[in-house]
């Protein structure tokens, strides 16, 4: 099978780029031909926000480039991982012009929400859901804190709503969880075109021993990731268990300040994926305190692959991934006292913690291996191809 994978790269450590890379590697390993078309958000500053916004509506450069690529060989499918903002939905039209099936992975809520998060001012916000043009996002400057940039993004959403692009130009959508699928249906995507395929970890590096006697957080240091709730919980825990924090982002100064005041908090900054996996394998527990609608939560599955249980906020897809009292524990998002009590419980119940390690690893082996993911992916590609031929 000859596959064109298209991706607008923009994340340092957040799931989408790891998923894109792992999927390409897996397809190549299984003997498929994979051509990649990748754009990078580093060019946004040189383009300017308004021009970038217009480009997000329709990129003639991407349209021409994709058509030329598709004309060079007989492709079976184009799989678009992320089109925003530089690639744009114009690639759908390029593929349709060449009669190539279009598969789109959906991992954020950009088709309805200008910032893609359904999160504003420290809380979940769905004000734009159902609006043809998301004017609420413009009002609150939700994309890059700029009314100009948000207006352009809202125009992209509105134009393609008016053109029925989301309904007619994509043959199959891939959502990573049931929670995400239901939200995308609420956003207006056709439910008969949305299928579930979780992310996966590849290669499998095996379980760790969890003997490090510390808790671990891995992710962007942002408000929606629950960083402030995490820090507040550890300020109250009085050093019962150390916390290691891996990541960077806008709240890095807050994390640095907390690590300087509390010996139990250690900020490690950014780490490469092999270092992250080693830290996960040694950790007693991974903390995922998200306060927004994660569509998947790749870090949860990475933790399961190492046999490490997860304490996760009871919101969005992370709540779906963690089976409370089997592969981890839940707490209410934003509730630092409840998070603190869950951590205390984990420390005070070492035998249950060992049981959870076995269950977390078993969960990974039953649902999130490359072999199972490959089978699902091939089924979806074949289904997409059957809608065109």
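Among the residues making up region 119-129, a single one is surrounded by 21 or more Cβ atoms within 10 Å (Cβ to Cβ) and within 18 Å of residue 161 (Cα to Cα): 128.
Give region 8-53 a look and list any residue that's modelled with pLDDT of 90 or more and either over 21 Å from residue 273 (Cβ atoms) or part of a loop (DSSP other than H, G, I, E, B) (or both), or say none. Please lay out each step first, then the result.
Kept after step one, since they are modelled with pLDDT of 90 or more, are these residues of region 8-53: 23-38.
Those that are modelled with pLDDT of 90 or more and either over 21 Å from residue 273 (Cβ atoms) or part of a loop (DSSP other than H, G, I, E, B) (or both): 30, 31, 32, 33, 35, 37.
Inside region 183-213, residues that are at positive phi and surrounded by 14 or more Cβ atoms within 10 Å (Cβ to Cβ) make up a count of 2.
Just wondering, is there one or more residues in region 350-360 that are in contact with a helix residue (DSSP H, G or I) (Cβ under 7 Å, 6 or more places away or on another chain) and modelled with pLDDT of 95 or more? Break it down into steps so the answer makes sense when it comes.
The initial filter retains those residues of region 350-360 that are in contact with a helix residue (DSSP H, G or I) (Cβ under 7 Å, 6 or more places away or on another chain), namely 353, 360.
After this cut, where a residue has to be modelled with pLDDT of 95 or more as well, the list is 353, 360.
The answer is yes, given that some residue of region 350-360 is in contact with a helix residue (DSSP H, G or I) (Cβ under 7 Å, 6 or more places away or on another chain) and modelled with pLDDT of 95 or more.
Here residue 297 meets each of (1) at pLDDT below 95; (2) in contact with a helix residue (DSSP H, G or I) (Cβ under 8 Å, 6 or more places away or on another chain); (3) farther than 25 Å from residue 115 by Cα with one exception, condition (3).
Applying the set (1) at pLDDT 95 or above; (2) more than 20 Å from the chain's Cα centre (by Cα); (3) not in a helix (DSSP H, G or I) to residue 71 leaves exactly one unmet item: (3).
Within region 33-53, residues that are loosely packed, with under 12 Cβ neighbours inside 10 Å sit with their Cβ atoms under 6 Å from residues that are at pLDDT below 75, at 6+ positions apart or across chains, in these pairs: 40/9.
If you go through region 313-344 and keep only what is assigned to a loop (DSSP other than H, G, I, E, B) and more than 19 Å from the chain's Cα centre (by Cα), you end up with 323, 325, 326, 327, 332, 334, 335. Of all the numbered requirements in (1) modelled with pLDDT of 95 or more; (2) within 28 Å of residue 372 (Cβ to Cβ); (3) under 15 Å from the mean Cα position of the chain (by Cα), residue 201 misses one, and that requirement is (1).
Of all residues in region 236-246, one or more are crowded, with 18+ Cβ neighbours inside 10 Å and at pLDDT below 95. Just one of the listed residues (221, 254) is farther than 30 Å from residue 77 by Cβ and within 22 Å of the chain's Cα centre (by Cα), namely 221.
Name the residue, out of 300, 285, 310, that is buried (at least 24 other Cβ atoms within 10 Å of the Cβ) and under 12 Å from the mean Cα position of the chain (by Cα). Walk me through how you get there before you give the answer.
On the way: 285 fails: under 12 Å from the mean Cα position of the chain (by Cα); 310 fails: under 12 Å from the mean Cα position of the chain (by Cα).
Within the list 300, 285, 310, the selection yields 300.
This table checks each residue for (1) touching a strand residue (DSSP E or B) at 6+ places or on another chain (Cβ under 9 Å); (2) not in a loop (DSSP other than H, G, I, E, B).
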{"position": "78", "(1), (2)": "yes, yes"}
{"position": "94", "(1), (2)": "yes, yes"}
{"position": "115", "(1), (2)": "no, no"}
{"position": "130", "(1), (2)": "no, no"}
{"position": "141", "(1), (2)": "no, no"}
{"position": "150", "(1), (2)": "no, yes"}
{"position": "154", "(1), (2)": "no, yes"}
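The values are calculated or read from the model by the stated rules, or taken from the named source; none is laboratory data. Nothing here was measured: the structure is a model prediction, and the numbers come from that model. Here the Cβ is made from the backbone with ideal geometry for all residues, glycine too, and neighbour counts use every protein chain on show.
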